[in-house]
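Working notes for the structure below.
The values are calculated or read from the model by the stated rules, or taken from the named source; none is laboratory data. Because the structure is predicted, anything quoted here is derived from the model rather than measured. As a convention, Cβ positions derive from the backbone with ideal geometry for all residues, glycine included, and neighbour counts pool all protein chains shown.
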Amino acid sequence: MERKAQAQERRVVPETLARFIREAAGYASLALKPVSRLLHTFEPGRTPQVLQRYERDPDWRLPALVTKYPRLSTDRAIAEEHNLEWVTPGHPLFEAIRRHILDLAQESFKQGVCFYSLAHEAPARIDFYRARAVDGLGRVVHERLFAVELEEEGKVHLREPALLGNFTPVDIANALPVVAHLPEITDYLHEYALRPFLEEVRNERLAEVERVAEHVELSLTELLHKADEEIGRAAAEVEKGAQGAEGRLARAEARHAELLSRRERRRQEMAQQRALTLQGVERLASVLVLPHPERETPEVRRLRPNFETEAIAMRVAMEYEQAQGRQVYDVHEKNLGYDLTSLDLSSGALRLIEVKGIGAETGTVLLTPNERRVAEDRRDCYWLYVVTHCNTEPQLQEPIQDPARFEWHEVTQVKHYYLSVNALTQPMEVRESRPPYGKAN
Amino acid sequence: MSVEQPLREGQLLTGPLFNEPMRIETVRANGLDTWVVGLVGLQSEQFRRVTLTSADLKALTVFDSTSTYEGDGSLLRLGLQAYALGTAYEFDPYFGLSISRVDPLPHQLEAVYDYLLKWRRSASGPSARMPWRGWLPSSSTSKC
């Protein structure tokens, strides 16, 4: 059950893939016209040369790209139902776009980038690292991206790489803050990210290799046993002087020797597959995060969450979920775009819950760009829990499933999104119209 | 690149001498205007020990590894997503679910992810297959 929930939580959905190729197509000069009546579906133009060159990469093992693809969708069900090209990771067009974006981004990876953040009160630096777990045969068993945030006073945090979704890109400030010049925190990276990563992969790998090793031993030992018997029969025939027996004996002995050597070779391979090392640890990119200059304006201050209120709301929401018999985990520090995962152990239903606290009975709830993106992508399981009256007697309002269906208002100067709620009415009124404050569009 | 400025570890070299950007891993002076440089290709990740003279250096562009933070934020974000999608597809055992709306039963998950898929993936690179074919076990992995 938990494995299923984990798989559901981590799912990379067609919505995410469609957004990626839509944003990336512009960089690749690929015309991609959305088809209005079909979700995640596009009418592509001719495949540009800049993408076709990737099929000549030495490690390209997919079919060649075609000059023009038919109508395509990132959603398998829609593609099958309407007989469309299903474009997803592993499809030549998707892979070429992905490689092209990676190539283009190299320059920005090298230079680094500056962002504004509403959540930061002081400058910070986030370093992105790549690490690989490689076995003794030289095969990359796993590869992962890590993000390490370093604050000016030296505090370090491990972050989710998707964190950048909450920030607004800006041109560099005149003078770089001190944190830009601090050395890399490689000891922290090894202690809290790379070593656990290697251990995790090793444990998983050992279980797999042991399973195969057992099978190899069983089957090759059985084959050796049969080869032994064949040698015995052939030797007996040689003693009897049977015609051609010496040839059969020689073949049986050769077969036995070949099996022995094969078992030895497979044992050695198994040992090499068990042996894992960290390789290719490299800082891919570094970004500076500066406090958003608008964060102290009255409009934005009003919208910013109060940490005490949020903590009360989290407690109330978790207690509610536990009372419903659901298994709930607090994941708010990971910046995944939701605060809680909640699993109904009887039905297997998973909820990704964003919790918002309001001190009084009315107010606004603010979604970060990351939260809004996940709300839009995971409409099947995303919930918004609003706890009002956090300053007095906290009350959890009726949980809202699929909050992306509401029209959230963009706070343009900080690129966040708000919704007005009023718990004076029961059930709680969710107001989508523009409130009399804030510079929202 | 002047002779007075020696190469440093962590710098990147590009130019006609190399078929890919190279990162300097080691530098050793070898006479007045010659350096023995240990380089790693950024794409191939192959190590090469190369002897470079001051004349060679004139043909190369040297990028310092120090970040200027002047890059394109949107492109960096998209690039990291491109990277993450690539590694998820290649290494995340749960990624198979991404290409299907079907919720498999627990025993099916165990069968596919604990037995079949990982061995298929360890046998060949991700790009060796179409996504839906990744569910098939590889004959090469079941050999004895």
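Which residues, counting only those in region A:143-176, are touching a Pro at 6+ places or on another chain (Cβ under 6 Å) and modelled with pLDDT of 90 or more?
A:L145, A:A147
When A:P169 is evaluated against the numbered criteria (1) more than 14 Å from chain B (Cβ to nearest Cβ); (2) not in a helix (DSSP H, G or I), which criterion, by number, is the only one it fails?
The number of the failed condition is (1).
Right, B:S65: part of a loop (DSSP other than H, G, I, E, B), under 30 Å from A:V201 (Cα atoms), touching a residue at least 12 places away in the same chain (Cβ under 8 Å) and within 14 Å of another protein chain (Cβ to nearest Cβ) or not?
On the way: part of a loop (DSSP other than H, G, I, E, B): yes; under 30 Å from A:V201 (Cα atoms): no; touching a residue at least 12 places away in the same chain (Cβ under 8 Å): yes; within 14 Å of another protein chain (Cβ to nearest Cβ): yes.
When the stated conditions are applied, B:S65 does not pass them.
For residues that are surrounded by 15 or more Cβ atoms within 10 Å (Cβ to Cβ), more than 11 Å from every other protein chain (Cβ to nearest Cβ) and in contact (Cβ under 8 Å) with a residue 12 or more places away in the chain, tally how many sit in region A:189-212.
As a first pass, look at region A:189-212 and keep what is surrounded by 15 or more Cβ atoms within 10 Å (Cβ to Cβ): A:189-190, A:192-194, A:197-198, A:201-202, A:204-205, A:208-209, A:212.
Add one more test, that the residue is more than 11 Å from every other protein chain (Cβ to nearest Cβ), and what stays is A:189-190, A:192-194, A:197-198, A:202.
The next check asks that each one be in contact (Cβ under 8 Å) with a residue 12 or more places away in the chain; those that pass are A:189, A:192-194, A:197-198, A:202.
Number of matching residues: 7.
Here are some residues: B:E9, B:E45, B:E70. Which one is touching a helix residue (DSSP H, G or I) at 6+ places or on another chain (Cβ under 6 Å), within 23 Å of A:D127 (Cα to Cα) and assigned to a loop (DSSP other than H, G, I, E, B)? Walk me through how you get there before you give the answer.
Details: B:E9 fails: touching a helix residue (DSSP H, G or I) at 6+ places or on another chain (Cβ under 6 Å); B:E45 fails: touching a helix residue (DSSP H, G or I) at 6+ places or on another chain (Cβ under 6 Å).
Unique residue meeting the criteria: B:E70.
(1) crowded, with 17+ Cβ neighbours inside 10 Å; (2) in contact (Cβ under 8 Å) with a residue 40 or more places away in the chain; (3) over 27 Å from A:R295 (Cβ atoms): which one isn't true of A:E376, the others all being true?
Here A:E376 meets the rest and fails (3).
For A:G138, all conditions in the list (1) in contact with a Lys or Arg (Cβ under 8 Å, 6 or more places away or on another chain); (2) under 16 Å from A:G280 (Cβ atoms); (3) more than 8 Å from every other protein chain (Cβ to nearest Cβ) hold save one; what is the number of the exception?
(1)
Would you mind stating whether B:E70 is of a type in the set (D, E, K, R) and within 11 Å of another protein chain (Cβ to nearest Cβ)?
Values: of a type in the set (D, E, K, R): yes; within 11 Å of another protein chain (Cβ to nearest Cβ): yes.
Here the answer is yes, as B:E70 does meet what is asked.
Of all residues in region A:172-208, which are more than 23 Å from B:A84 (Cα to Cα) and in a helix (DSSP H, G or I)?
A:V178, A:V179, A:A180, A:H181, A:D187, A:L206, A:A207, A:E208
For region A:379-392, what are the residues that are surrounded by fewer than 24 Cβ atoms within 10 Å (Cβ to Cβ) and of a type in the set (S, T, N, Q)?
Result: A:N391, A:T392.
Residues A:V328, A:V289: which one is within 30 Å of B:Q81 (Cβ to Cβ), in contact with a Phe, Trp or Tyr (Cβ under 7 Å, 6 or more places away or on another chain) and surrounded by 14 or more Cβ atoms within 10 Å (Cβ to Cβ)? Can you show your working first?
Working: A:V328 fails: in contact with a Phe, Trp or Tyr (Cβ under 7 Å, 6 or more places away or on another chain).
The match here is A:V289.
Specify the residue that is farthest from A:E237 (Cα to Cα); the eligible residues are those in region A:249-272 that are surrounded by fewer than 15 Cβ atoms within 10 Å (Cβ to Cβ) and of a type in the set (D, E, K, R).
A:R267
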